[in-house]
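Colleague: Here it is, the structure in full.
The values are calculated or read from the model by the stated rules, or taken from the named source; none is laboratory data. Note that the structure is predicted; figures quoted are calculated from it, not measured. Quick reminder, even Gly has a Cβ in these numbers, built from the backbone with ideal geometry, and neighbours come from all protein chains shown. Quick note on the areas: whole protein, heavy atoms, side chains included, nothing else; ligands and nucleic acids left out. Shrake-Rupley method; radii C 1.70, N 1.55, O 1.52, S 1.80 Å.
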Amino acid sequence: MNTRKTKHTSFRSLIGLAFFFMSICGAFAQDAGMKEEFAKLQEQREQRTSLIDYLKSTKQVSETAAGTLSLADNAPAAAKQAVESENKDRQRMFVIIASIQGSTVAKVAKEFAQRMGVDVNAKKMVTTLRVHGSNTVGASLAPALVRAFLKDKGFTGITTDRDGVEAMISYSKPGDNTIYQVEIKAHGSSTAFGETDSNKGVGLLGKFCDIGMASRPMKDKEQEALMDAGMGDMRTAASEFPIALDGVAVVLNRSNPIQALTVEQIAEIFSGKVSNWKQLGGEDLPIQIFARDEQSGTWDTFKSRVLKPFKFKLSENNVKRFEDSALLVRNVAATKGGIGFTGLAYVDSTVKGLAVQAGKEARPFQPTRLTVKTQDYPLARLLYFYLPVNASSLSRDFVKFTMSNDGQEVVDKSGLVGQGLSSQVDRNNADQLKKQLLSDASVPQAYKMLIANSDRSDTQANIRFVQGSNEPDINSLNNLDRLASYLANPGHEKFGVVLVGFADSVGNQSSNLRLSRKRAEEVKALLEAKGVRNITAEGFGEAMPVADNGSESGRAQNRRVEIWLTRK
């Protein structure tokens with residue numbers, strides 16, 4: 001504690017109301033009871049002065065233009081009690097002074113605030129929304145979404161101040177002198193749900209934020225803790241919102257000749273089992289690993305999708321870890337033997353994105369918009385907003401905007417993969433994929449005939465299912481809603497829908513063929529319930545796998561339904 005500063009602050013705090021006391025001491029002579037009450041209040045204030053001034057020095061409390069103290073969200077319970085008592089005593093003293101001087105309480109409070117060093121003419125600052133969590137979501141996407149949302153609501157004076165992985169977006173309302181703010185803290189997905197050892201005053205659990213950002217699904221223990229705190233089941237469609245798609249891209253230095261690796265080979269690298277590129281057919285060069293930090297959702301996804309299936313842990317040698325994805329990429333670009341992993345939005349021309357095979361028998365997929373949107377890329381993932389059941393109307397409006405076509409357009413522009421209307425790049429990618437399928441000798445002829453007059457220009461997303469059921473997952477249900485809305489637009493009424501189901505290879509071929517058709521029929525029924533007509537549903541069993549059937553995650557990827565459109 002800075003003793004000199006504390007003593008100075010204490011002195012100013014004590015003389016603030018003492019000044020008023022001296023100015024009215026003559027009036028007290030005619031009201032001994034009021035004088036006694038005032039003196040007692042002042043004595044009570046003096047007893048807590050050291051604590052109040054310490055809380056000010058640690059920025060847990062601050063003076064306001066109303067002459068009272070404002071308490072920070074992360075202040076302890078003891079501080080809250082002291083501040084409540086201090087404010088109560090001050091306000092009573094303001095009343096006494098105002099009654100004796102024939103003034104108003106507001107005027108007395110304002111004069112006191114001025115003597116406490118507050119600029120009473122400064123604009124009032126009010127934080128209306130707090131969004132905490134994933135760096136992948138919070139670094140660029142969340143600020144862009146907030147700015148677009150505020151502009152859509154008609155707010156003005158929108159500015160952004162950044163401090164590392166945190167941002168404060170300020171805005172104004174017409175005819176209002178107050179400055180409103182949206183707080184964004186992007187310290188990693190774990191901080192969406194609660195405090196961590198290195199980050200305090202963050203997350204939904206302590207009510208430090210209104211919306212949680214995550215680049216992975218919520219964990220069981222996080223769900224239970226939030227439910228116990230009265231925030232409801234946050235895995236329901238009312239609280240869990242898949243706002244974008246991303247791929248965990250494995251990136252290499254551009255000089256590295258390696259083009260593709262299996263997930264197992266990548267796991268061997270990051271575990272330290274493989275430590276030189278020559279072991280994989282590359283140069284005789286030591287491998288330098290760059291990884292995201294422990295709080296990162298990108299790390300959680302990489303750990304669960306790459307290391308955990310092979311019971312590996314991250315190597316303790318030749319590993320550097322980063323909170324900032326952009327900084328990680330710069331280090332890979334500058335290190336000849338470097339390899340790292342990051343979100344798709346951070347892959348640029350300075351590094352090389354590695355093609356990834358789910359297994360030796362699976363096709364390699366580059367981390368691109370199309371392979372992420374179809375979720376065929378082995379390390380594709382969803383990004384989420386989490387919203388408590390008792391969320392404010394502003395929070396819900398913001399999430400609703402994010403899920404809209406306008407919001408999804410912002411997602412696309414940020415470098416992540418939106419799920420709204422397709423961009424021209426998406427359409428071009430889909431057309432190119434169709435040409436590849438039609439020319440691929442391994443693709444069934446019946447499939448080629450089915451898609452010959454159809455396209456996926458506006459329907460790149462595959463329908464995936466809840467594990468162990470024929471029920472589409474939350475993201476797929478959202479995409480079916482978007483498809484139904486798209487087909488309801490003028491000029492689209494005569495479009496036809498072609499649903500193509502696939503299964504994994506577990507069981508015999510005839511059973512898998514029936515299962516793939518059944519999944520397509522289930523999706524058809526859901527679309528028909530939304531008013532969509534002219535639907536064809538077909539299945540191709542275990543044909544055309546996009547992942548290795550040797551693992552549960554691979555089999556889940558192969559259980560899918562493609563959506564094609566015929567435009568009549």
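Colleague: Under 20 Å from the 7 Å Cα→Cβ point of residue 394, by amide nitrogen: which residues of segment 157-181?
Modeller: Zone members listed by number: 157-163, 166-181.
Colleague: Now for a separate question. When you have a sec, figure out the Kirkwood radius of segment 32-166 from all distinct Cα pair distances and drop it here in Å to one decimal? Display every interim value, and only then the final one.
Modeller: Details: mean 1/r = 0.0557 Å⁻¹.
Mean inverse Cα-Cα distance, inverted, gives 17.9 Å.
Colleague: Between 0 and 90 degrees, rounded to the nearest ten: what's the tilt of helix 3-28 against the longest Cα principal axis of the chain?
Modeller: 50 degrees
Colleague: Next question. What are the ³J(HN,Hα) couplings of segment 386-396, residue after residue, when phi is run through the Karplus curve with 6.51, -1.76, 1.60 and θ = phi - 60°? Round to Hz, x for glycine and proline.
Modeller: Those phi angles translate into 10, 10, x, 5, 9, 5, 5, 5, 5, 4, 5 Hz.
Colleague: Let me ask something else. Rounding to the nearest 10 and keeping the result within 0 to 90°, find how far the Cα-based axis of helix 424-439 lies from the longest principal axis of the chain.
Modeller: Between the helix axis and the principal axis of the chain, the angle is about 20 degrees.
Colleague: Residue separation times 0.36 nm, minus the C-alpha to C-alpha distance between residue 39 and residue 224: what's the value? Please report the intermediate quantities before stating the final value.
Modeller: Details: separation 185, 0.36 × 185 = 66.60 nm, distance 5.09 nm.
Full-extension gain reported as 61.5 nm.
Colleague: Test of understanding: given the chain, find the longest segment containing no GluC sites (Glu not before Pro) that are in a DSSP loop and have at most 12 other Cβ atoms within 10 Å. Mind dumping the intermediate values first?
Modeller: Numbers: sites that count: 316, 493.
With a cap of 12 other Cβ atoms within 10 Å, the longest stretch comes to 1-315.
Colleague: While we're on this one: Return the distance in nm (one decimal) between the two label points of a simple spin-label model at residue 178 and residue 334, each offset 7 Å from Cα along Cα→Cβ.
Modeller: Here the modelled spin labels are 4.5 nm apart.
Colleague: Would you list, by chain and number, the lysines whose Cα falls below 19 Å from the Cα of residue 200, excluding same-chain residues fewer than 8 positions away?
Modeller: 56, 59, 80, 185, 221
Colleague: Moving on. Can you list the HN-Hα couplings for segment 106-114, worked out from phi with the Karplus curve (6.51, -1.76, 1.60; θ = phi - 60°), rounded to whole Hz and with x for Gly and Pro?
Modeller: Those phi angles translate into 4, 5, 5, 4, 5, 5, 5, 4, 4 Hz.
Colleague: Under the definition of Cα pairs under 8 Å and six or more residues apart, what whole-number percent is the relative contact order of the chain? All intermediate terms of the calculation are to be shown ahead of the outcome.
Modeller: Working: 1070 pairs, mean separation 64.0, N = 568.
Dividing the mean separation by the residue count of the chain yields 11 percent.
Colleague: Another one. Out of the DSSP beta bridges found with both residues in the chain, what percent are antiparallel (nearest 5)? Provide the component values of the computation, followed by the final result.
Modeller: Values: 47 of 72 bridges.
Bridges in the chain that DSSP calls antiparallel: roughly 65 percent.
Colleague: To continue, here is another question. First check a/c for segment 323-437, with a ≥ b ≥ c the square roots of the eigenvalues of its C-alpha gyration tensor; if it is under 1.5, answer rounded, and if not, answer prolate when a/b is larger than b/c or oblate otherwise.
Modeller: Numbers: a/c = 2.06, a/b = 1.36, b/c = 1.52.
Verdict is oblate for segment 323-437.
Colleague: Nearest 10 degrees, 0 to 90: what angle lies between the long axis of helix 509-529 and the longest principal axis of the chain (Cα atoms)?
Modeller: Helix 509-529 sits roughly 50 degrees off the main axis of the chain.
Colleague: Would you mind checking which residues have amide H under 5 Å from residue 350's amide H? H placed 1.01 Å from N; only 5 or more apart, or other chain.
Modeller: For residue 350, whose amide H was placed from the backbone, there are no distant partners under 5 Å.
Colleague: What nm value, rounded to one decimal, do you get for the distance between residue 514 and residue 489 when each label is placed 7 Å out toward the C-beta?
Modeller: 4.1 nm
Colleague: Would you work out what percent of the accessible area of the chain, with all protein chains in place, is carbon or sulfur (probe 1.4 Å)?
Modeller: It is 50 percent, rounded to a whole number.
Colleague: Please give the net charge around residue 184, taking every other residue with its beta carbon less than 13 angstrom from that of residue 184, where Lys and Arg add +1 and Asp and Glu add -1.
Modeller: Details: positive: 130, 147, 162, 185; negative: 161, 163, 166, 183, 210.
In short, -1.
Colleague: Taking amide hydrogens as modeled 1.01 Å from N in the peptide plane, which residues meet the under 5 Å criterion relative to residue 274, leaving out close sequence neighbours?
Modeller: The list, which skips near neighbours in sequence, is 269.
Colleague: At most 12 other Cβ atoms within 10 Å and a DSSP loop assignment: could you name the trypsin sites (Lys or Arg not before Pro) in segment 476-560 that fit? Kindly include the intermediate steps, with their values, before the conclusion.
Modeller: On the way: sites: 482, 494, 514, 517, 518, 519, 524, 530, 533, 555, 559, 560; in loops: 494, 530, 533, 559.
In loop regions of segment 476-560 (DSSP not H, G, I, E or B), the sparsely surrounded trypsin sites (Lys or Arg not before Pro) are 494, 533.
Colleague: Using helices alone, I'd like the mean residue ellipticity at 222 nm for the chain: each DSSP H run of four-plus residues gives -39500 (n - 2.57), total over residue count, nearest 500.
Modeller: On the way: 20 runs with 231 residues, N = 568.
That comes out to -12500 deg cm²/dmol.
Colleague: Sticking with this structure for a sec: Between residue 57 and residue 80, with labels modelled 7 Å along Cα→Cβ, what's the label distance in nm to one decimal, could you check?
Modeller: Reported label-point gap for residue 57 and residue 80 is 2.5 nm.
Colleague: What ³J(HN,Hα) values, in whole Hz, does the Karplus curve 6.51 cos²θ - 1.76 cosθ + 1.60 give for segment 32-41 when θ = phi - 60°, with x put for Gly and Pro?
Modeller: Rounded to whole hertz, the list is 4, x, 5, 4, 5, 5, 4, 5, 5, 4.
Colleague: Further question on the same structure: Nearest 20 debye, what's the magnitude of the dipole of the chain about its Cα centre given +1 on Lys and Arg Cβ and -1 on Asp and Glu Cβ?
Modeller: Details: 74 positive and 64 negative charges, 122 e Å.
Dipole magnitude for the chain comes out near 580 debye.
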